[in-house]
Amino acid sequence: MPELFDEGWDNVTYRIGRAHAVRLPRRAIAAELLANEQRWLPSIETWIDVPVPTPVFEGMPSDLFRWPWSVVPWIDGEPLELRSLDRGSARRLAAALLSLHRPASTDMPLSEVRGIPLATLDARVSDRLRRLSAPHLEEAWGRALGARPEDQPVLLHGDIHPRNVVVHRGMLAGLIDWGDLCAGDRATDVACAWTLFDATTRDDFLDAYRPSGAERLRALGWAIHFGTALQLSGEPRHVAMGDVIVSRIEEDLARGRV
């Protein structure tokens, strides 16, 4: 019998047997995102040295279920959640993202919420920062807004947060939930320096990826956006992740690292 594994905002995932899972969209927009996975993951899995859930079967809409759906390989492990990736995983993820972040082609999808200029997020992020009474983060957000923008859009994962990273025996085992993949600003993904890593491994990731100064500032801005959105989401698991992300940012600000 299928076993419920996880429910997100967009999809529900059931494990089927030992080797597979079925991924079902929960709303119309999620069906469009799942189609992105079906289109691009067969190529992406050949580019990066990290397991991804490339569909092995693509279900079609029917009277039983009105949206497309996928059967994907089961990646053994568990979500990273509140922990940090280790040093080896930091370097491995950096190498994977460098391989993924190839110049965008005209057929790559665009997103209204990922990979976009930080200025388009200013109103909502500034409102959150005022609600959280976080003037130090407001100053950092302002510096991120002032950074030179991306001049070469690349292909992104778009949603590298701790529940989309699978670890096994403490090491990186896979990247899942590629529905937000799109062309845009690489800093969206580089924000994982704060969403996935503590102070002891963040430098390993950044040293291996080698973002420019402007990219690093924009990545900090994306991390502020993700962290504060999770903090104010009202969902306990997300709130806890947001608290960890923001604490990492605050630690780096206090140390003068960004």
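The values are calculated or read from the model by the stated rules, or taken from the named source; none is laboratory data. Here the structure is a predicted model, which is why all the values come from computation and not from measurement. Here the Cβ is made from the backbone with ideal geometry for all residues, glycine too, and neighbour counts use every protein chain on show. Accessible surface areas use protein heavy atoms only, side chains included; no ligands, DNA or RNA. Shrake-Rupley method; radii C 1.70, N 1.55, O 1.52, S 1.80 Å.
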Top-ranked residue of region 18-33 - restricted to ones that are touching a Pro at 6+ places or on another chain (Cβ under 9 Å) and over 18 Å from Leu181 (Cα atoms), ranked as surrounded by the most Cβ atoms within 10 Å (Cβ to Cβ):
Ala21
Could you please give the count of residues in region 107-117 that are within 12 Å of Leu155 (Cβ to Cβ) and open to solvent by 60 Å² or more (accessible area, probe 1.4 Å)?
2
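Just to be sure before I move on: is Ala208 touching a residue at least 12 places away in the same chain (Cβ under 8 Å), in contact with a Phe, Trp or Tyr (Cβ under 9 Å, 6 or more places away or on another chain) and aliphatic (A, V, I, L, M) in the structure I sent?
no
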Count - residues of region 221-244 that are under 18 Å from Ala147 (Cβ atoms) and hydrophobic (A, V, I, L, M, F, W, C):
4
Counting only residues in region 36-91 that are among the aromatic types (Phe, Trp, Tyr) and in contact with a Ser or Thr (Cβ under 9 Å, 6 or more places away or on another chain), the one nearest to Arg15 (Cα to Cα) is identified as Phe57
Output yes when any residue across region 167-180 is under 16 Å from the mean Cα position of the chain (by Cα) and without any contact (Cβ under 8 Å) to a residue 60 or more places away in the chain, and no when none is.
no
Between a first residue in region 54-68 that is more than 15 Å from Ala30 (Cβ to Cβ) and a second residue that is open to solvent by 90 Å² or more (accessible area, probe 1.4 Å), which pairs have beta carbons less than 6 Å apart while being 6 or more apart in sequence or on different chains?
Thr54/Glu45
Given the conditions (1) farther than 18 Å from Leu93 by Cβ; (2) buried (at least 19 other Cβ atoms within 10 Å of the Cβ), report the number of the one that Arg148 does not fulfil.
(2)
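Can you list the helices (runs of 4 or more DSSP H) found entirely within region 144-258 that contain at least 1 residues being in contact with a strand residue (DSSP E or B) (Cβ under 7 Å, 6 or more places away or on another chain)? Before the answer, list the steps.
Details: elements: 187-190, 192-195, 199-209, 213-231, 236-255.
Qualifying helices (runs of 4 or more DSSP H): 187-190.
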Can you tell me which residue in region 70-100 is most open to solvent (accessible area, probe 1.4 Å), limited to those that are modelled with pLDDT of 95 or more and in a strand (DSSP E or B)?
Pro73
So Gly142 ticks every box in (1) open to solvent by less than 50 Å² (accessible area, probe 1.4 Å); (2) in contact (Cβ under 8 Å) with a residue 24 or more places away in the chain but one. Which box is left unticked?
(2)
Restrict the check to region 7-29 and report whether at least one residue is closer than 20 Å to Arg163 by Cα, of a type in the set (D, E, K, R), assigned to a strand (DSSP E or B) and within 17 Å of the chain's Cα centre (by Cα).
yes
Within region 210-223, work out how many residues are of a type outside the set (Gly, Ala, Ser), crowded, with 24+ Cβ neighbours inside 10 Å and out of contact with any Ser or Thr (no Cβ under 9 Å at 6 or more places or on another chain).
1
All but one of (1) free of Cβ contacts under 8 Å to residues at least 12 places away in the same chain; (2) in a loop (DSSP other than H, G, I, E, B) hold for Arg130, so report the exception by its number.
(2)
Is it true that Ala104 is closer than 30 Å to Leu232 by Cβ and either open to solvent by less than 80 Å² (accessible area, probe 1.4 Å) or within 18 Å of the chain's Cα centre (by Cα) (or both)?
no
